[in-house]
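> I have a structure I would like to understand better, so I am pasting it below and will then ask my questions one at a time.
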Amino acid sequence: MSVEIKYMPLSFINTDKEILKQIKNTVLFSYLFQEFEETSLIHYLESTQYGYTASASEIGTHQLVRITDINSGKVDWKTVPFCDCDAEAKYLLKDNDILIARTGGTTGKSFIVNSAPDNAIFASYLIRLRLKKDVNLEFINLYLNSYAFWSQIVEMKSGSAMPNVNAEKLKTLKIPKISFEEQNTFVSSFKNIEKSKNLNSLFEKINEVESLFINSKKTVTELTHQLDLIKQLRQAFLREAMQGKLVTAVRSSGVETQQTGQQLLAKIKAEKAQLIAEKKLKKEKPLPVISAEEIPFEIPEHWVWCRLGEICNYGSSPKSEPKDLNENTWVLDLEDIEKETSTLLNKIRFNERNSLSTKSIFKKGQVLYSKLRPYLDKVIVADEDGVCTTEILPLKLYGNLNPYFTKFALKRSDFLIYVNSVTKGMKMPRLGTNDGQMALFPLPPLHEQEQIVTKLEELMAFCDGLEQSIKESQGYNEMLLQQVLREALQPKEETKIITIATRKLPNPLKTILAAHIVNICNTRDFGRVKFQKLLFLVEYFCKIDFESKYVKKAAGPYDYQLIKQIEQDFNRMNFFKVEQDKSDNHRVTYTPRSASSEINGFFLENFSDESLKINAFLMKMRPLSWSECEIVATIFAVWNNRLIKKELVTDELLFNDFMAWSSRKSDLAKDFYKKLFWMKEEKIIPEGWGNYVEEPSL
């Protein structure tokens, strides 16, 4: 067989139903190619004809059907325009004519004419195929809607600036050579393939390939969901950072020893007043006092809310003309910054981007914020001097504000909501200068800005690692999808399937996984209780054997030796410094050490198959408080215990077991059903895996 059949995504074949139809038809033709002699499409054609060239009009002698009039295999003749045609015999459409798009994004798309108006003709970007009398129309239609056809079409139009095929190319397409009687037999059998004994093996193959495709699409959906969760996780980190939850203020004898946000704002105002007095800065119109209704969330008492225009030169920056630039000047444009991530994609010099427009000048360390289409969330910190399009605002910060903290603050969700609500313009929406200056800004003292930036950069790098692992899985899944048709054409081969298998973890693998749990869930209230419950849940929910020996403790399942060994390994492997809180004997903190940056790499290397399930689970658990984690872990344990013993499971029985776990559970009874329903909704459901959690031995 000379045709190499491939699955290929096509923009106009984009529903699962339509793709599965194409796959089903492809299985038939891959079989026919193997069983019959090969010929060219011209073998079945009586004629080909290019369409009529004319402008569409509201009136005319003939209706002129165009590519754009064909939607989902149908034509609404009421909306088809008219034209005047003096060559009716050449272009008139008849029932069973086949129209094929010969150019543009839908090149190769076909339409079978049925019940067309008597005066219907077709436009020049279409080719009409007429079949010989002894050809089954449905047989050709199945072919035109299979990847046996599309593989050849895509190959034909590749390399062209404008995708296109012509009639001569269409005539050369490879197709099985089958008699009229056999065409009829195959079409009839294929319509009722589940009952056709002569196509029984084909029916099994179709089911096999369809199953592979459906599983692949499920994986695509899950991976897309994972990427969305990471996007949410980034915003969660930003939200916590801007609420002061990632740092703890330094205090001595109950009195803060370092500068406050209020003092910093006063310093900035004094600095600006001095610059105005020295005529280095124009006097600004005072911005209105912030009202309580404007404040989107609470911040620490030693922080202060201010307006963006109070802390920087928003909307005012020096300009430069092309004649003032040298060939090595960095010229930044909007297209150089990736939306949402704010990754700098390209750094282009003036000699490569010989722009003739006026530019804004920026200096190293200034924040560069895109005011055009602010919903794209493009903001970076300049790492060298340069110039940029005037659609990007260089922000000169006062008071030695940390530019990276400012960048993060401009990426928080409430700021994005605000700027999008006040953006003006339909085609080119921009954030106005006054609206930008009015935006709210949470201002912490400088030392906390630095701490927050350090922590956020670490957390964002962690998210980047997670995102990379998911994109690698997407790549693998796309490769698997490309094999769908290969599976239909060849004997079944060993195919790697992503599964979550039970396996025992030796040290240091359990320590690496435990460190990953801390990395992703180390929020302000994170401590040993929440950590222990997450260890239990990850082990039992993801079926990863820690060789643990959990017993019933008041706060839920507990394994003292496991947590002790892991915490010792944290110190030994330089992952985290494990410290007992001096003011609270029950609180333990996990502070990153020098090797903590390597945890994500170790995790992806050793848990590549399980990473998606683990990360999805941890992202669900991360927002929960330690007491909520205690409830979930205890519910999971009593539920799993019943499954292990093959006992009846009802909500009422689970509640009784939960209350019997410990006398302190009475304090949590009011939240039991709320968390049970949440677990069911999030599909955090045990399967009777692992050891029974018993009372501790005396």
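The values are calculated or read from the model by the stated rules, or taken from the named source; none is laboratory data. Predicted, not measured: the structure shown is a model, and the values here were computed from it. With ideal geometry, Cβ positions are generated from the backbone for all residues, glycine too; neighbour counts draw on all protein chains shown.
> Which of the residues spanning the stretch 98-131 are in contact with a helix residue (DSSP H, G or I) (Cβ under 9 Å, 6 or more places away or on another chain), closer than 17 Å to LEU45 by Cβ and surrounded by fewer than 17 Cβ atoms within 10 Å (Cβ to Cβ)?
ILE112
> Evaluate the following for PRO296: is it closer than 28 Å to GLY244 by Cβ, modelled with pLDDT under 95 and surrounded by fewer than 18 Cβ atoms within 10 Å (Cβ to Cβ)?
Spelling it out, it is not the case that PRO296 is closer than 28 Å to GLY244 by Cβ, modelled with pLDDT under 95 and surrounded by fewer than 18 Cβ atoms within 10 Å (Cβ to Cβ).
> Among the residues of the stretch 591-611, is any assigned by TED's automatic domain parsing to the domain that holds PHE541, in a helix (DSSP H, G or I) and basic (Lys, Arg)?
So far as the stretch 591-611 goes, no, none of its residues is assigned by TED's automatic domain parsing to the domain that holds PHE541, in a helix (DSSP H, G or I) and basic (Lys, Arg).
> Next up: Give the stretch 65-102 a look and list any residue that's farther than 15 Å from ARG128 by Cβ, touching a strand residue (DSSP E or B) at 6+ places or on another chain (Cβ under 8 Å) and not charged (D, E, K, R), or say none.
Within the stretch 65-102, GLY73, TRP77, VAL80, PRO81, PHE82, CYS83 meet the criteria.
> While we're here: Take the residues in the stretch 366-377 that are at negative phi and assigned to a loop (DSSP other than H, G, I, E, B); name whichever of them is surrounded by the fewest Cβ atoms within 10 Å (Cβ to Cβ).
LYS371
> Every residue in the stretch 644-698 that is surrounded by 13 or more Cβ atoms within 10 Å (Cβ to Cβ), outside the structural domain of THR634 (by TED's automatic domain parsing) and touching a strand residue (DSSP E or B) at 6+ places or on another chain (Cβ under 7 Å), please.
Within the stretch 644-698, just VAL693 meets the criteria.
> Would you confirm whether or not the stretch 625-636 contains a residue that is of a type in the set (A, V, I, L, M, F, W, C), modelled with pLDDT under 95, over 15 Å from LYS674 (Cα atoms) and not in a helix (DSSP H, G or I)?
no
> Which residue out of GLU547, GLU628, GLU598 is among the acidic types (Asp, Glu) and free of Cβ contacts under 8 Å to residues at least 40 places away in the same chain?
The conditions single out GLU598.
> Taking helices (runs of 4 or more DSSP H) that fall entirely within the stretch 399-464, which contain at least 1 residues that are within 18 Å of VAL247 (Cβ to Cβ)?
Hits in the stretch 399-464: 403-409.
> Residue by residue through the stretch 563-581, note down the ones that are of a type in the set (Phe, Trp, Tyr) and either outside any strand (DSSP E or B) or within 16 Å of SER548 (Cβ to Cβ) (or both).
Those that are of a type in the set (Phe, Trp, Tyr) and either outside any strand (DSSP E or B) or within 16 Å of SER548 (Cβ to Cβ) (or both): PHE570, PHE575.
> Which one is farthest from ILE23 (Cα to Cα) among residues in the stretch 146-173 that are at pLDDT 95 or above and part of a loop (DSSP other than H, G, I, E, B)?
Restricting to residues being at pLDDT 95 or above and part of a loop (DSSP other than H, G, I, E, B), the top hit is THR172.
> If you don't mind, another one. Hey, could you check the stretch 323-365 for residues that are among the small types (Gly, Ala, Ser) and more than 32 Å from the chain's Cα centre (by Cα) and say which is surrounded by the most Cβ atoms within 10 Å (Cβ to Cβ)?
Result: SER360.
> I've got another one for you. Please go through (1) buried (at least 20 other Cβ atoms within 10 Å of the Cβ); (2) not in a helix (DSSP H, G or I) for ASP95 and return the number of the only condition it doesn't satisfy.
Result: ASP95 fails condition (1) only.
> Among LEU505, LEU537, which is the only one that is more than 30 Å from LEU202 (Cα to Cα), among the aliphatic types (A, V, I, L, M) and modelled with pLDDT under 90?
LEU505
> While we're on this one: Does the stretch 71-92 hold any residues that are assigned to a loop (DSSP other than H, G, I, E, B), charged (D, E, K, R) and more than 18 Å from ILE112 (Cα to Cα), and which are they?
Hits for the stretch 71-92 are ASP84, ASP86.
> If I filter the stretch 185-198 down to residues being modelled with pLDDT of 75 or more and in a helix (DSSP H, G or I), which single residue comes out as nearest to LEU612 (Cα to Cα)?
ILE193
> Test of understanding: among PHE415, PHE405, which residue is of a type outside the set (D, E, K, R) and crowded, with 23+ Cβ neighbours inside 10 Å?
PHE405
> So which of ILE13, ILE5, ILE42, ILE23 ends up being of a type outside the set (Gly, Ala, Ser), out of contact with any Asp or Glu (no Cβ under 9 Å at 6 or more places or on another chain) and closer than 23 Å to GLY73 by Cα?
ILE13
> Determine which member of the set SER625, SER608 is of a type in the set (S, T, N, Q) and under 12 Å from LYS533 (Cα atoms).
Among SER625, SER608, only SER625 is of a type in the set (S, T, N, Q) and under 12 Å from LYS533 (Cα atoms).
> Would you pick out the residues in the stretch 336-380 that are of a type in the set (A, V, I, L, M) and either touching a helix residue (DSSP H, G or I) at 6+ places or on another chain (Cβ under 8 Å) or over 23 Å from ASN402 (Cβ atoms) (or both)?
LEU344, LEU345, ILE348, LEU356, VAL367, LEU372, LEU376, VAL379, ILE380
> Go through the stretch 331-349 and give me each residue that's under 16 Å from PRO374 (Cα atoms) and outside any strand (DSSP E or B).
Passing the criteria: ASP333, LEU334, GLU335, ASP336, GLU338, LYS339, GLU340, THR341, SER342, THR343.
> In the stretch 45-70, what residues are touching a residue at least 24 places away in the same chain (Cβ under 8 Å), assigned to a loop (DSSP other than H, G, I, E, B), closer than 18 Å to LEU92 by Cα and not basic (Lys, Arg)?
Of everything in the stretch 45-70, those that are touching a residue at least 24 places away in the same chain (Cβ under 8 Å), assigned to a loop (DSSP other than H, G, I, E, B), closer than 18 Å to LEU92 by Cα and not basic (Lys, Arg) turn out to be GLY51, THR53, ALA54, SER55, ALA56, GLY60, THR61.
> LEU431 - would you say it is in contact with a Pro (Cβ under 7 Å, 6 or more places away or on another chain), aliphatic (A, V, I, L, M), at pLDDT 95 or above and under 30 Å from PRO286 (Cβ atoms)?
When the stated conditions are applied, LEU431 does not pass them.
> Does any residue in the stretch 17-44 that is buried (at least 22 other Cβ atoms within 10 Å of the Cβ) come within less than 6 Å, Cβ to Cβ, of a residue that is in a helix (DSSP H, G or I) and among the basic types (Lys, Arg) six or more places away or on a different chain, and which pairs are these?
VAL27/LYS205
> Condition (residue is surrounded by fewer than 22 Cβ atoms within 10 Å (Cβ to Cβ), more than 30 Å from PRO286 (Cβ to Cβ) and at pLDDT below 95) applied to the stretch 381-400: is it met by at least one residue?
No, that holds for no residue.
> Now a separate question. With ASN136, ASN114, ASN119 as the choices, which residue is at negative phi and touching a strand residue (DSSP E or B) at 6+ places or on another chain (Cβ under 6 Å)?
That would be ASN119, the only listed residue that is at negative phi and touching a strand residue (DSSP E or B) at 6+ places or on another chain (Cβ under 6 Å).
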